[in-house]
Amino acid sequence: MVQRQQRQDKKARLTAQDWADAALTAIGEGGLAAVAVEPLAARLGTTKGSFYWHFANRDALIEAALDRWAQINTEGAISDVETEPDLSKRIQLLFANAITSATADPLEVTLLATANHPQVAAALRRVTERRLAYLTQLFADLGFPEPEARRRGLLAYTVYLGHAQLGHAMSSVLPPEEGGEFRAYLSEALEVLLTRGGA
């Protein structure tokens, strides 16, 4: 009887964020097609009733999952580096964290592969605009004129996306983490971006 009550309490404590996080994991593992209520309910140890308590339908869950992704992978990533007062080091830290995270987690690459889905397209547009605005501001704060700051921000972002894509499609062509090769590669890429006349 106690175990049954504990299971019911656990089910009752599930939040919309728990569902969104589970949907994000499913998207990373199998794309949007993997976002299905019954398998997610089983993964969360609950019933479909919990889903319908929080969401009207699957599209609402996908929207919540995409909002959660933007919060974690964009706003969270920005917050993580904002405490670094040195702007050059902040860009280096942001770049290193983003590339490491994207290489370890297939979610972003999976979302890019489904960019033709209207909800994903809208989320990618919002996230890309936010990331580019932040990068542009960092380069502008370093003293680059606005058009150049925007170009450098765009170049940094395309390097990040290219690295993320290669990290999942052909990781063997990328420098390994061991032996400092990845750090050297990262330093060279950032040196190009941060040096006046380098981009």
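Before rounding to the nearest 500, sum -39500 (n - 2.57) across all DSSP H runs of length at least 4 in the chain and divide by the residue total; then give [θ] at 222 nm in deg cm²/dmol.
That calculation yields -23500 deg cm²/dmol at 222 nm.
Using the crude model of +1 on Lys and Arg Cβ and -1 on Asp and Glu Cβ, and no other charge, please compute the dipole size for the stretch 93-187 relative to its Cα centre, in debye to 20.
360
So what is the accessible area of the chain per residue, in Å², with the probe set to 1.4 Å?
Numbers: 10910 Å² over 199 residues.
It amounts to 55 Å² per residue over the chain.
If the elastic network links every pair of Cα atoms under 10 Å, which of R151, R43, R68 fluctuates the most in the Gaussian network model of the chain?
Largest GNM mean-square fluctuation: R43.
With unit charges on the beta carbons (Lys and Arg positive, Asp and Glu negative) and the dipole taken about the Cα centre of the chain, which residue among L124, A98, H168 sits farthest to the positive side?
L124
Let me spell out the model: positive unit charges on the Cβ of Lys and Arg, negative unit charges on the Cβ of Asp and Glu, origin at the Cα centre of the chain. What dipole size does that give, in debye rounded to 20? Intermediate values should be presented prior to the final figure.
Working: 20 positive and 24 negative charges, 142 e Å.
Its charge dipole is roughly 680 debye.
Pull out a ≥ b ≥ c, the square roots of the eigenvalues of the alpha-carbon gyration tensor of the stretch 41-135, then state rounded if a/c is under 1.5, prolate if not and a/b is larger than b/c, and oblate in the remaining case.
prolate
With charges set only on the Cβ (+1 for Lys and Arg, -1 for Asp and Glu), what does the dipole of the stretch 131-199 come to about its Cα centre, in debye to the nearest 20?
Charge dipole of the stretch 131-199: 280 debye, to the nearest 20.
On the protein heavy atoms, probe 1.4 angstrom, tell me the percent of accessible surface of the chain carried by carbon and sulfur.
The value for the chain is 55 percent carbon and sulfur by accessible area.
Need one number: the % of Cα-Cα pairs in the chain sitting beyond the 29 Å mark.
So the portion of pairs separated by more than 29 Å is 35 percent.
The values are calculated or read from the model by the stated rules, or taken from the named source; none is laboratory data. All values derive from a computational prediction rather than experimental measurement. All Cβ positions, even for glycine, are placed from backbone atoms using ideal geometry, and neighbour counts span all protein chains on display. Protein only, heavy atoms only, side chains kept; ligands, DNA and RNA dropped before computing areas. Shrake-Rupley method; radii C 1.70, N 1.55, O 1.52, S 1.80 Å.
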